[in-house]
Every structure is written in structure tokens, then in C-alpha cells.
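To keep things clear, I will list the structure first and then write my remarks on it.
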Amino acid sequence: MKPPHLKSVLLLLTVAGVAIPYAAFLPFVAEHGLDVRLLVEQAAANRISAFAWLDVVVSAVVLLLAAYSDRFIPWKQALVVTALTLCAGVSAGLPLFLFFALDAPAFRMR
């Protein structure tokens, strides 16, 4: 049995998944503008930064493969998950995907 408020928690986590990363990104943009070269340079500045970014990229690919598998969510919802993942990151796309997928047969508990 699913906890009764799980969908509400997932929507809250989706909002947090947008707000928290942007709280770090927006000051960078305010200071440097959309300097993609500097962003990539700082993201790859050391091995731990590269590890974190590569982990996020792999997680995004896995999330989008699941979203488009036709097993969990309809195609139109997958487009919303894709847009949010590309604009805000996996921290926002994953809880939204789970919010949509909770009603899928694959997630129904017996």
C-alpha cells in the first residue's frame, strides 16, 4: 500500500529539486552571465567536480530512458519530465517522473 501523501511529497520534492540547484546557479549567472566556457571549466576543475557532473549526466540518461520506455508514463508526461530534467536537472525530473509513474501498473503493489 502506498503512503497516502506520497504524491504530495513527490510534488514538494520536485519544487525543491528546482529551487535548490537554482539557488546555487543563479548567483553564478548574476556574477558571470551565461558564460558556458567558465561553467564547463569550473565543472571540470577537479576530479570530484567531474565525478559529480558525470553522475548527474548518467542519472539523467537513465531517467529519460525509463520515461520513454512506455512502461511507466505516457509520452506526453515523458516530454514534461524531459523538459524539467534538461532545464532544472535530475533532482527535479526524477520526483516528477515518480509522481506520474505511481499510477502505472509497474508500481502497483499487490
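Rule-based calculations on the coordinates, nothing more; no lab input. Since this is a predicted model, take the numbers as computed values, not measurements. Here the Cβ is made from the backbone with ideal geometry for all residues, glycine too, and neighbour counts use every protein chain on show.
The slack in the chain from residue 6 to residue 44, taken as 0.36 nm per residue of separation less the alpha-carbon distance, amounts to 10.0 nm. Give the residue from 49, 38, 88 lying farthest towards the positive end of the charge dipole for segment 1-91; charges sit on Cβ (+1 for Lys and Arg, -1 for Asp and Glu) and the dipole is referred to the Cα centre. Of 49, 38, 88, it is 88.
Taking only complete DSSP H runs, can you tell me which helices of the chain stretch 15 Å or more along their own long axis by Cα positions and average at least 0.5 on the Kyte-Doolittle scale? Within the chain the helices that satisfy the rule are 6-32, 47-67, 75-88, 90-101. Computed over the chain, the per-residue total of -39500 (n - 2.57) for DSSP H runs of n ≥ 4 gives a 222 nm mean residue ellipticity of -25000 deg cm²/dmol, rounded to 500. At full extension, residue 68 and residue 25 could sit 12.7 nm farther apart than now, given 0.36 nm per residue minus the alpha carbon distance.
Placing +1 on each Lys and Arg Cβ and -1 on each Asp and Glu Cβ, with no other charges, gives the chain a dipole about its Cα centre of roughly 540 debye. With Cα Rg over 2.2 N^0.38 Å in mind, check (1) 3.44; (2) 1.09; (3) 1.22 and report the label derived from this structure. After the calculation, the listed value that fits is (3).
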